[in-house]
Amino acid sequence: MKRIYSVLFFIPALLFCLSCNDQLDKENLFDGTDRIVCAEVSRLSSDNSVDDNGEETIESIRAYLFDEGVLVKKYTDIKHSGNRYEFPLEALRGNLYIVANDSRLPDFGSPEPGYSEEEWKATVIHSTNGQAEMVYTGVVSLADYTAADRLIPVSLKRVAARFDLRMAVAGTAEVKSITFKRVQKAAYLFQQSTVATPEGSSAVDIPLVPEEPYTASKNGILYLYEQDNADLKVALNASIDGKEYSLETNLPEKISRNTVYSITLRKDVIDAEVQLTVEEWKEGGDTTLKPGIDDRLVIDSALTELPGNVTVANEGSMLILPHLATDFIVAIQSDSELEVFPVTDPSLTVEPVSPEELKNKTTRSLAGINLFRIRKKLYSPNMKTVDTQVYFHRKGLTHSYPEDNIHIRMTGNPTTSQGALEFGIDTYTHDFNRYIDNEFAIFTLPAEKEMLVEFADGEDRWIRIDSESGSNTWRVLGGWRPNDPTANGRQQSATLVIRNKADQSDREEYTVIRRNYGLPVTFLHGVWWCKYNAIKNSKAFDDQILSSADPAVQANKTLFQYLTDCTPDEYYKLWGWAYQGNSGQGMQVIEKDSVIVLERFTRDEKVHINKLPPTTLSPDGYELPSMEEFNRLFDATDYVWMMYNGTHTLRNPWNGHSKVKRQQLRKNGIQVGSMTISNLIYIALSSPDFPEHEPLVWYGPAAQWNDTGILHSGHYNNILFGVYSPTGEGWYMNGGMGNLYMIKNGASSYDTRILRFKKSDVEYIY
């Protein structure tokens with residue numbers, strides 16, 4: 001990694017007690033014979049940072065008067081009002097030292113009269129873990145004042161230096177930890193002739209691990225005492241656009257008190273090298289390097305035509321953008337030509353434009369004006385307000401300064417949602433990439449907004465939006481079409497639209513996509529039963545008979561008719577599948593040593609299919625029917641003889657419907673390996689109350705529970721049904737061909753079962 005070190009200089013703004021002068025003219029709070037010392041904390045820099053870390057807080061203050069090289073008086077109980085302090089000075093001679101917040105120092109000892117001024121100036125303080133306390137010192141030579149001076153100003157400076165974190169990354173960045181290495185623990189209390197570290201000082205590493213990673217610039221992450229330290233380094237662990245980085249660089253050898261240092265993580269463009277730089281902001285001799293406060297950047301809202309929903313605030317230093325997409329030109333006043341730094345927020349771009357774009361729109365002079373095009377992407381529902389600083393560089397200057405910026409507030413979307421739909425930014429699309437139905441999400445809109453759904457020409461209305469009258473809560477539902485001939489796994493899309501009710505303006509569009517799959521079904525006693533047994537991978541739509549390729553429908557027949565007319569080979573492909581356990585991998589009927597068995601059968605299977613959650617083995621939107629739903633077919637008042645045609649009566653009618661009609665036929669000539677099997681039964685069940693629906697047809701291989709295969713009582717028709725039953729109950733076709741009947745039997749976990757799914761409950765059928 002290439003390491004970069006750069007140093008920037010500018011003049012800090014020291015406060016020289018002008019407020020004390022103003023107050024002195026208005027009100028005298030102390031005795032007229034006393035002189036007043038006005039002590040104020042000098043600012044670290046002109047960075048306008050918020051004092052979150054108590055940088056200007058004074059809890060206690062003491063003063064020490066030295067004359068002719070020794071301490072003659074100390075002041076510990078000082079009367080004060082605001083930043084005005086009373087010192088009863090007997091004569092204007094000697095040096096007055098002021099120390100604020102010395103109580104925070106773990107080993108500070110107050111000197112007694114007679115103490116040497118040279119020793120005092122060499123006072124050493126220590127830290128317990130390397131981090132500095134917020135202590136201030138100041139000194140004034142009283143001989144510089146006359147008897148006429150009643151106000152004596154003192155500027156208190158921090159003993160510590162401040163370190164800020166700056167993020168200049170074109171992308172998404174997280175700083176997970178920062179470690180300051182080889183930090184000196186001892187320092188001089190007072191400023192020496194040059195930056196120095198006391199002899200015998202020990203070093204320590206200071207790790208910073210925030211509770212949440214830093215994702216934006218932050219002031220005051222650490223304070224260190226002044227030190228001369230060639231070993232001082234900083235290491236940083238960060239993630240940029242999902243890629244992990246570990247970076248390390250040297251800190252300045254001399255760390256000065258009352259100074260800000262900026263540790264900057266840089267990656268200006270997507271393909272740029274990641275850099276960790278350290279910038280020092282401190283007092284220097286060339287005041288032209290720093291722009292004056294009167295020359296701050298200001299937005300000229302009159303020169304360009306801003307959109308009606310864009311607001312200029314804070315005396316021209318701030319733009320407030322709506323949550324909607326915006327694209328406009330902004331004019332920024334500056335006596336310098338400005339270059340914009342890359343913006344790290346992916347939803348915002350700021351680019352320079354030429355004055356020619358405005359030459360036909362204004363008669364004003366464009367001198368001192370810089371034009372930039374601002375584009376902001378639409379903030380989708382649930383996206384919150386984001387504040388960011390856009391930084392500029394004054395062309396011709398060597399360095400850049402943090403005050404050369406404008407503040408942009410990107411207002412969050414007032415619409416919120418709960419549920420599966422998330423749109424993010426850029427595509428504004430939620431692609432489930434699978435089949436899904438029922439409730440997708442609930443949206444809460446502002447009172448002036450409404451929501452609707454739009455479809456491309458030829459697309460089914462597979463999404464419905466419900467809203468209660470008088471409510472601004474909108475439910476987005478995905479629907480299902482029974483036996484949909486287009487449900488072949490294709491993409492279905494729809495556009496959700498949010499707009500103003502009054503004039504349909506401020507339109508927001510969000511795309512929802514799903515894969516449209518469907519299994520052929522028929523309706524019987526309140527259940528949409530799948531027409532075909534599961535085959536191959538029972539969880540995969542692409543392995544199943546889809547409603548878009550239903551062979552019976554393609555032959556213009558019911559399934560019962562199709563099984564009668566199809567070839568033995570076609571019958572075998574549908575008939576010969578059963579399952580064990582929770583894998584969903586089908587076991588096909590095969591010949592093994594002249595025995596008809598199910599491939600991969602094992603008696604070691606411990607997972608009972610019927611006890612699994614009903615959706616474990618099924619494709620999305622389908623599930624195993626429950627024991628109660630099977631009872632609507634087979635739980636009759638008498639034996640249900642499956643080898644005969646007839647009608648049986650249910651013990652517990654479904655919604656008053658109690659009759660179930662049976663019709664059975666046999667299929668012969670089924671080739672399995674070198675063997676041919678016959679007399680395979682298939683049974684159609686129907687209700688005389690629902691003649692519009694084709695019968696539900698049962699077929700499939702007998703269960704296998706040992707190595708003798710699926711031949712029982714001389715036939716292959718003892719079917720064991722996969723049933724959702726937490727207690728392990730189930731249904732089984734028992735007996736020989738002359739007495740084949742239905743009984744309740746859950747069987748063991750290793751007994752093989754056919755799987756016939758149903759459509760899971762769906763609120764919206766289109």
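The values are calculated or read from the model by the stated rules, or taken from the named source; none is laboratory data. Since the model is a prediction, treat every value here as computed from it, not as a measurement. Every residue, glycine as well, gets a Cβ built from its backbone with ideal geometry; the counts of neighbours run over all protein chains shown. With ligands, DNA and RNA removed, areas are computed over all heavy atoms of the protein, side chains included. Shrake-Rupley method; radii C 1.70, N 1.55, O 1.52, S 1.80 Å.
Summary of computed values
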| read-out | value |
| --- | --- |
| Filtered residues of region 688-711 (kept if open to solvent by 30 Å² or more (accessible area, probe 1.4 Å), touching a residue at least 12 places away in the same chain (Cβ under 8 Å) and not hydrophobic (A, V, I, L, M, F, W, C)) | Pro688, Asp689, His693, Glu694, Pro695, Asn706, Asp707, Thr708 |
| Test set (1) in a strand (DSSP E or B); (2) under 20 Å from Glu628 (Cα atoms); (3) not β-branched (Val, Ile, Thr) - Gly728 fails condition number | (1) |
| Given (1) within 30 Å of Val553 (Cβ to Cβ); (2) within 30 Å of the chain's Cα centre (by Cα), number of the condition Asp460 does not satisfy | (2) |
| Any hit, region 679-687, residues being surrounded by fewer than 19 Cβ atoms within 10 Å (Cβ to Cβ) and closer than 15 Å to Trp575 by Cα | yes |
| Residues of region 695-716 classified as more than 19 Å from Phe630 (Cβ to Cβ) and assigned to a loop (DSSP other than H, G, I, E, B), total | 11 |
| Residues of region 90-127 that turn out to be within 13 Å of Ile61 (Cα to Cα) and part of a helix (DSSP H, G or I), as a count | 3 |
| Flag for Thr727 being modelled with pLDDT under 95, polar (S, T, N, Q), farther than 19 Å from Val640 by Cβ and open to solvent by 20 Å² or more (accessible area, probe 1.4 Å) | no |
| Members of region 531-555 that are assigned to a loop (DSSP other than H, G, I, E, B), among the aliphatic types (A, V, I, L, M) and touching a residue at least 12 places away in the same chain (Cβ under 8 Å) | Ala534, Ile535, Ala540, Ile545, Leu546 |
| Hey, Ile513 touching an Asp or Glu at 6+ places or on another chain (Cβ under 6 Å) and surrounded by fewer than 16 Cβ atoms within 10 Å (Cβ to Cβ) or not | yes |
| Residue match in region 286-293 (condition: modelled with pLDDT of 80 or more and either outside any strand (DSSP E or B) or polar (S, T, N, Q) (or both)) | no |
| Flag for Val589 being farther than 28 Å from Ala684 by Cα, in contact with a Gly (Cβ under 7 Å, 6 or more places away or on another chain) and at pLDDT 95 or above | no |
| Qualifying residues in region 130-157 (those that are of a type in the set (D, E, K, R) and either modelled with pLDDT under 85 or in contact with an Asp or Glu (Cβ under 7 Å, 6 or more places away or on another chain) (or both)) - the one nearest to Lys74 (Cα to Cα) | Arg150 |
| Selection from region 466-496 of residues that are open to solvent by less than 40 Å² (accessible area, probe 1.4 Å), farther than 19 Å from Glu439 by Cβ and not in a loop (DSSP other than H, G, I, E, B) | Gly489 |
| Number of the condition not met by Ser317 [criteria: (1) in contact with an Asp or Glu (Cβ under 9 Å, 6 or more places away or on another chain); (2) within 14 Å of Asp404 (Cβ to Cβ)] | (1) |
| Selection count where residues are crowded, with 17+ Cβ neighbours inside 10 Å, at pLDDT 95 or above and outside any strand (DSSP E or B), scope region 325-340 | 0 |
| Close pairs (9 angstrom Cβ cut-off, 6 or more residues apart or separate chains): touching a residue at least 12 places away in the same chain (Cβ under 8 Å) and more than 30 Å from Leu519 (Cα to Cα) in region 436-447, outside any strand (DSSP E or B) and open to solvent by less than 10 Å² (accessible area, probe 1.4 Å) anywhere | Phe443/Thr415; Phe443/Leu421; Thr444/Thr415; Leu445/Thr415; Pro446/Thr415 |
| Per-region count, region 730-766, residues open to solvent by less than 30 Å² (accessible area, probe 1.4 Å), of a type outside the set (A, V, I, L, M, F, W, C) and under 19 Å from Leu617 (Cα atoms) | 10 |
| Conditions (1) at pLDDT 85 or above; (2) surrounded by fewer than 18 Cβ atoms within 10 Å (Cβ to Cβ); (3) within 25 Å of the chain's Cα centre (by Cα): number failed by Asp271 | (1) |
| Residues of region 314-329 classified as touching a residue at least 60 places away in the same chain (Cβ under 8 Å) and at negative phi, total | 8 |
| Matching option when the condition is over 30 Å from Asp107 (Cβ atoms) and open to solvent by 20 Å² or more (accessible area, probe 1.4 Å), among Lys181, Lys243, Lys185 | Lys243 |
| Within region 128-146, considering residues that are over 19 Å from Ser60 (Cα atoms) and assigned to a loop (DSSP other than H, G, I, E, B), the one least open to solvent (accessible area, probe 1.4 Å) | Gly130 |
| Residue within region 215-225 that is surrounded by fewer than 17 Cβ atoms within 10 Å (Cβ to Cβ) and over 26 Å from Glu403 (Cβ atoms) present | no |
| Test: residue in region 166-173 that is without any contact (Cβ under 8 Å) to a residue 24 or more places away in the chain and either open to solvent by less than 10 Å² (accessible area, probe 1.4 Å) or over 30 Å from Leu236 (Cβ atoms) (or both) | no |
| Every pair of residues 6+ apart whose Cβ atoms lie under 7 Å, when the first sits in region 504-528 and is closer than 25 Å to Asp543 by Cβ and among the charged types (D, E, K, R) while the second is part of a strand (DSSP E or B) and open to solvent by less than 40 Å² (accessible area, probe 1.4 Å) | Arg514/Gly478; Arg514/Gln492; Arg515/Gly489 |
| Matching entry among Phe108, Phe66, Phe87 (being closer than 26 Å to Arg257 by Cα, open to solvent by less than 50 Å² (accessible area, probe 1.4 Å), at pLDDT below 90 and not small (Gly, Ala, Ser)) | Phe108 |
| Residue list for region 319-358, restricted to those being more than 23 Å from the chain's Cα centre (by Cα) and closer than 18 Å to Lys384 by Cα | Leu319, Ile320, Thr326 |
| Selection within region 538-555 - open to solvent by 40 Å² or more (accessible area, probe 1.4 Å) and of a type outside the set (Gly, Ala, Ser) | Lys539, Asp542, Asp543, Val553, Gln554 |
| Matching residues in region 418-436 - criterion: being open to solvent by less than 20 Å² (accessible area, probe 1.4 Å) and not hydrophobic (A, V, I, L, M, F, W, C) | Tyr435 |
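Residues are listed down the side, and each one gets a yes or a no for (1) over 29 Å from Leu265 (Cα atoms); (2) open to solvent by less than 30 Å² (accessible area, probe 1.4 Å); (3) out of contact with any strand residue (DSSP E or B) (no Cβ under 9 Å at 6 or more places or on another chain):
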site: Pro113; (1), (2), (3): yes, no, no
site: Trp120; (1), (2), (3): yes, yes, no
site: Ile125; (1), (2), (3): yes, yes, no
site: Leu156; (1), (2), (3): yes, yes, no
site: Ala161; (1), (2), (3): no, yes, no
